[in-house]
1. Being in contact with a Leu (Cβ under 8 Å, 6 or more places away or on another chain) and closer than 21 Å to A233 by Cα is the filter here; which residues of region 280-305 pass it?
2. Among the residues of region 10-34, which ones are surrounded by fewer than 16 Cβ atoms within 10 Å (Cβ to Cβ) and not in a helix (DSSP H, G or I)?
3. Among the candidates D194, D154, which residue alone is of a type in the set (D, E), in contact (Cβ under 8 Å) with a residue 24 or more places away in the chain and closer than 30 Å to Y35 by Cα?
4. Among the residues of region 377-385, are any under 40 Å from the mean Cα position of the chain (by Cα), loosely packed, with under 11 Cβ neighbours inside 10 Å and of a type outside the set (S, T, N, Q)?
5. Checking the structure you have, find out if any residue of region 313-320 is under 30 Å from R92 (Cβ atoms), in contact with a strand residue (DSSP E or B) (Cβ under 8 Å, 6 or more places away or on another chain) and open to solvent by less than 10 Å² (accessible area, probe 1.4 Å).
6. Take the residues of region 367-395 that are among the basic types (K, R) and without any contact (Cβ under 8 Å) to a residue 24 or more places away in the chain: which is farthest from L159 (Cα to Cα)?
7. Restrict the check to region 277-287 and report whether at least one residue is closer than 21 Å to F32 by Cα, of a type outside the set (F, W, Y) and either in a loop (DSSP other than H, G, I, E, B) or open to solvent by less than 30 Å² (accessible area, probe 1.4 Å) (or both).
8. Only one of (1) in contact (Cβ under 8 Å) with a residue 60 or more places away in the chain; (2) open to solvent by less than 70 Å² (accessible area, probe 1.4 Å) fails for K415. Which number is that?
Amino acid sequence: MSKPTPISGFPEWTPAQRMIEQYVLDRIRSTFELYGFAPLETRAVEPLDQLLRKGETSKEVYVIRRLQGDAEGPAGDDALGLHFDLTVPFARYVLENAGKLQFPFRRYQIQKVWRGERPQEGRYREFLQADIDIVDRDTLAPHHEAEMPLVIGDALRALPIPPVRIQVNNRKICEGFYRGIGLTDPEATLRAVDKLDKIGPAGVTELLATTAGASEAQAKACLALAEISAPDASFADAVRALGVSDPLLDEGVAELTAVVETAAAHSPGLCVADLRIARGLDYYTGTVYETQMIGYERFGSICSGGRYDNLASAGTTRFPGVGISIGVTRLLGLLFGTEALTVSRSVPTCVLVAVTTEELRPASNRVAEALRSRGVPTEVSPSAAKFGKQIRYAQRRGIPYVWFPGAEGAPDEVKDIRSGEQVVAVAGEWTPPAADLRPLVS
């Protein structure tokens, strides 16, 4: 078999990186559960009409079909695609199971998603997301929008990563402002402003004219709104100073003020009101969030989301919600790329049990079983080579301890191969220091 050619955009971590990923996921999961979110997993595929009905995603969806499909049979498989986020499948799940759920329903979901975009640093075609959402029936209290940054702030603070800043805005501010200056297509305006970091003010001005019908004065006003940023509720004064009046604008300002003030009381400096944040997906209707790691701002957001009111509905019943998603693979990929995350050893093993001779391997196996029964990750040496060679094997794998079964009635001994200290030990009693029991991520 010839050497395989890697497929870009589908990351495969090393065992050491995978251990870091699992460490990160465990801590994210723990924080989500501390806030009362319950676990959920949905299928990987959704009907294409559901995946394509909201937002600019048609170029990114991977379609699935059977290689040997039945040309005369039902074409159901040809109308399926891999989900590109976890919000759309979650909305579908809520609709299908509304009669079984208790509202407001709080769930977290950690799964892979797929997007057919151009791979680059921090952007992948297959990647892991960690989502939380709160959904209610008919109405969702705005205080849930203020809770999202608190959860994410605590989850990311528990990780050995750089500090983060959550940028928040409210779609009602933007839409109310655009309506107040006479623009009639707020969605097109939002999509144009969302490209400000990519194409700059001149590019946005041109895009506003061609896609939203904005005059030069209207485009200037849109850019003035997008320039407003503040770490506290003073952003509201800056908005009012622009002299635009609209009830939806006032509602959005009040809601965003509550988000910023709640976050400041919980964790000063965590959130900043940034009115250029728009989010490209059309289904957001209220607060929107984007999160940057300090020092990695040039790579954009590693965690984002927002409030949605119209994504899930059945007849006259609506299920509004708010959610936010951590791009776990994106986050890790950026940090792996700068070697900013390390793990103390490349295997979970804490103890290697040496084998004196192959005939005495059962004795080594019994030691390993005794250690494992007490929660000590242990493996038995693959060969009965000289002890020096077995020690070097442990060193190459980063295993801190080697256990030597006693010969002819002599007691067992365990050696810390880093310090050289060797002591008498009993497998049913000996315990390594807590810092050595599991690999440490830093």
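The values are calculated or read from the model by the stated rules, or taken from the named source; none is laboratory data. As the structure is a prediction and not an experimental result, all values here were calculated from the model. Cβ placement follows ideal geometry from the backbone for every residue including glycine, while neighbour counts extend to all protein chains displayed. These area figures cover heavy atoms from the full protein model, side chains too; ligands, DNA and RNA do not enter into them. Shrake-Rupley method; radii C 1.70, N 1.55, O 1.52, S 1.80 Å.
1. T287, T291
2. Scanning region 10-34 gives F10, E12, W13, T14.
3. Only one candidate qualifies: D154.
4. So far as region 377-385 goes, yes, one or more of its residues are under 40 Å from the mean Cα position of the chain (by Cα), loosely packed, with under 11 Cβ neighbours inside 10 Å and of a type outside the set (S, T, N, Q).
5. yes
6. This residue is K386.
7. Within region 277-287 (the criterion being closer than 21 Å to F32 by Cα, of a type outside the set (F, W, Y) and either in a loop (DSSP other than H, G, I, E, B) or open to solvent by less than 30 Å² (accessible area, probe 1.4 Å) (or both)), the answer is yes, since at least one residue qualifies.
8. The number of the failed condition is (1).
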